[in-house]
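The values are calculated or read from the model by the stated rules, or taken from the named source; none is laboratory data. Just so it is clear, the model here is predicted, and its values are computed rather than measured. Methodologically, a virtual Cβ is constructed for each residue, glycine included, from the backbone with ideal geometry; neighbour enumeration extends over all protein chains shown.
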Amino acid sequence: MNAPLSFDLTALSDRALLEALTSLVRREREVTAEVVAHLAEVDARRLYRDHACPSMHAYCVGVLHLADEAAYKRINAARTARRFPAVLEMLADGRLHLSAVCLLAQHLTEENHGALLDAAVHRSKRDIEELLAERFPRPDVPAALRKLPSPLPRFAPSAPPEAPPLVAPPQAPSLLPRPEAPSLLIAPEAPSRRIPPAALAPSAPVVAPPPPPRPVLAPLAPERYRLQLTISRQTRDRLEEARDLLGHQMPAGDLAEVVDRALELLVRELRKRKFAETRTPRAPRSAPATEGSRHIPHHVRREVALRDGNQCTFVAEDGRRCPARRRLEFHHQRVAFAKGGEGSADNLCLRCTAHHGLATEQEFGREHVARRVAEARLARERLRGAKAPSPGVASTPRERRREAKPPSPGTARTASTPSSFAFGPT
Ligand SMILES: [Zn+2]
């Protein structure tokens, strides 16, 4: 009989906790490989039919209670493993994960499977997508900007019984293909979904909106990527305006090029703001930063960012450097700011938020940091409470201006609002 499971781990030391986790992950991989092997055999014998299931997927979801995605991956791996049994060993010892097997499955052949499986060992999902794009390049997808159909209403009872089906509004003339850009597909999507009349009846249950489509950024071939996302009307308008303003420089109005130009400007602006990067750096001012000030002079920001390569500088005991390039902060590494450390390049380095927090904990203790974080949170909440306006009353000049302004049709921020557009390949 199995020992009862224990989920209270608070008594474990950090070291014991990590060792236990490593051991569990190893066991999980072995069990996953065994599950996949069993699924392969059940699938081959078509035993799911005895349980009133029309397919292996239905059996996994309906009888084994796996999630759709989990069932799909395991069945895909099981069928791949029947063709190439080496996959099971690789799943068991962690050389391949399930996502890797699913990505590789359709490309594996008798001739290439040895080399392709070896090339995927210990690679992340993203790495494997790049690997496959390199070895099995796909053609570019056409650029497209199209109108999405209106979303389903969340609360159907408010809709009249005879309300017309919700369909996409008529095509906006500005979205039609431009004569000078024949290769660019820019068109609203044809209305594809209608709400069944029952969903609009007063007695109909609450209808949940469909989940917004997930953004896609996937490699197609070496140096080529497919981008697909949903944008607001406001973003669509900005895109159109940028394309129009670039008309002389880019007569074809290529969307990918417009996006690239926009991102180039954005990245330059953000680097300038965060790391004071500039093409024409000014000589540093002779006056040192005010003592006790957190201000870091621009030339110091530039020097630190350049020296650290815009990447977190934390290095683990095994020599692995943290790869983070987002949410970077300037960390006083030799002498902490609270102990009088100055904002010089020698004393500063880049750290991601997590490793900045770790360094602070190591300097001042975990309890001290937790107390300070709790105090700061409480202070913020008190401030919010003090500032909270009574309903319908704007508290700041900006809020008052916003309330005075009529709502703009392009300010929707959610992906499934009526003013959403899919931006990407068809
Ligand atoms: Zn880091």
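Going by the structure shown, is Leu255 modelled with pLDDT under 90, closer than 28 Å to Lys125 by Cα and touching a Phe, Trp or Tyr at 6+ places or on another chain (Cβ under 7 Å)?
Values: modelled with pLDDT under 90: yes; closer than 28 Å to Lys125 by Cα: yes; touching a Phe, Trp or Tyr at 6+ places or on another chain (Cβ under 7 Å): no.
So Leu255 fails the test.
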Task: Close pairs (9 angstrom Cβ cut-off, 6 or more residues apart or separate chains): in contact (Cβ under 8 Å) with a residue 24 or more places away in the chain in region 2-28, acidic (Asp, Glu) and surrounded by 11 or more Cβ atoms within 10 Å (Cβ to Cβ) anywhere - done: Arg26/Asp93
Task: Residue count for region 304-315, restricted to those that are within 10 Å of the ligand (Cβ to nearest atom) and part of a loop (DSSP other than H, G, I, E, B) - done: 4
TODO: Looking at (1) more than 16 Å from the ligand (Cβ to nearest atom); (2) farther than 23 Å from Arg273 by Cβ, find the lone condition where Glu361 falls short.
DONE: (1)
- [ ] State the number of residues belonging to region 321-353 that are within 10 Å of the ligand (Cβ to nearest atom), out of contact with any Lys or Arg (no Cβ under 8 Å at 6 or more places or on another chain), within 18 Å of Lys274 (Cβ to Cβ) and not in a loop (DSSP other than H, G, I, E, B).
- [x] 2
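Scanning for something in a helix (DSSP H, G or I) and within 22 Å of Gln228 (Cβ to Cβ), does region 100-112 turn up at least one residue?
Quick first cut of region 100-112, residues in a helix (DSSP H, G or I) only: 100-105.
Pick out the ones that are also within 22 Å of Gln228 (Cβ to Cβ) and you get 102-103.
Yes - at least one qualifying residue is present in region 100-112.
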- [ ] Take region 72-98 and flag every residue that is surrounded by fewer than 17 Cβ atoms within 10 Å (Cβ to Cβ) and either of a type in the set (Ser, Thr, Tyr) or assigned to a loop (DSSP other than H, G, I, E, B) (or both).
- [x] Tyr72, Pro85, Asp93, Gly94
